[in-house]
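These notes are about the structure you will find just below.
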Amino acid sequence: MLLETHSHTSTVSPCGKLNPQELIHAYQNAGYRGIVITDHLFESGPIFDADISWKEKCDRLFEGYRLAAEAGKAAGIHVYPAFELRFTYMPGCDFLVYGMGPDILPSIPEPYKMTLEEFRRAADREGALIVQAHPFRSY
């Protein structure tokens, strides 16, 4: 099974080039059967352009995933939620977080303000996996 494990939507991530429906269509045409939506979560990100609650911010973060899941269901592609986290104290160093979707993240307020060690403890409690997103990227 071909599975994309790191993909962004233009709905949420500034670097995303395709909306969720276009993304699903492109991966379907390439023969993929699954995709993980890993839109960006960082303090100065576009989902924080308003004075809204943490729950509402989480809803915005996973909007690309929800739309992709809807399109994926129609296309026969499995869609999984994740996110790419950037800690405020570590600019330019991003981490992919798997297993902490829209049902869990709202219970962990503002993880980008934590240290990696603090967040790792929260992730461990939830059974989530943290992977450095771009280990060979020069910053």
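The values are calculated or read from the model by the stated rules, or taken from the named source; none is laboratory data. Every value quoted in this text rests on a predicted model; they were computed, and no experiment measured them. Reconstructed Cβ throughout: ideal geometry from the backbone, glycine too, with neighbour counts over all protein chains shown. Areas reflect the complete protein model, heavy atoms only, side chains present, ligands, DNA and RNA absent. Shrake-Rupley method; radii C 1.70, N 1.55, O 1.52, S 1.80 Å.
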Residue tally, condition in a helix (DSSP H, G or I) and of a type in the set (D, E, K, R), over the stretch 1-32
1
Note down all Cβ pairs under 8 Å where the first residue falls in the stretch 22-47 and is closer than 20 Å to residue 109 by Cβ, the second is acidic (Asp, Glu) and open to solvent by 60 Å² or more (accessible area, probe 1.4 Å), and they're at least six residues apart or on different chains.
43/110
Among what's in the stretch 33-68 and is part of a loop (DSSP other than H, G, I, E, B) and open to solvent by 60 Å² or more (accessible area, probe 1.4 Å), pick the residue that is modelled with the lowest pLDDT.
49
Would you mind stating whether residue 122 is over 25 Å from residue 27 (Cβ atoms), outside any strand (DSSP E or B) and out of contact with any His (no Cβ under 9 Å at 6 or more places or on another chain)?
yes
Which residue is farthest from residue 62 (Cα to Cα), if the candidates are limited to the stretch 88-119 and must be without any contact (Cβ under 8 Å) to a residue 60 or more places away in the chain, among the aromatic types (Phe, Trp, Tyr) and open to solvent by less than 80 Å² (accessible area, probe 1.4 Å)?
119
What are the pairs with Cβ atoms under 7 angstrom where one residue, in the stretch 120-139, is more than 12 Å from residue 108 (Cα to Cα) and the other, located anywhere, is loosely packed, with under 11 Cβ neighbours inside 10 Å? Sequence gap at least six, or different chains.
139/92
For the stretch 69-85, name all the residues that are closer than 22 Å to residue 134 by Cα and open to solvent by 70 Å² or more (accessible area, probe 1.4 Å).
80
Suppose we keep only residues that are open to solvent by less than 60 Å² (accessible area, probe 1.4 Å) and hydroxyl-bearing (Ser, Thr, Tyr) within the stretch 1-31. Which one would you say is farthest from the chain's Cα centre (by Cα)?
27
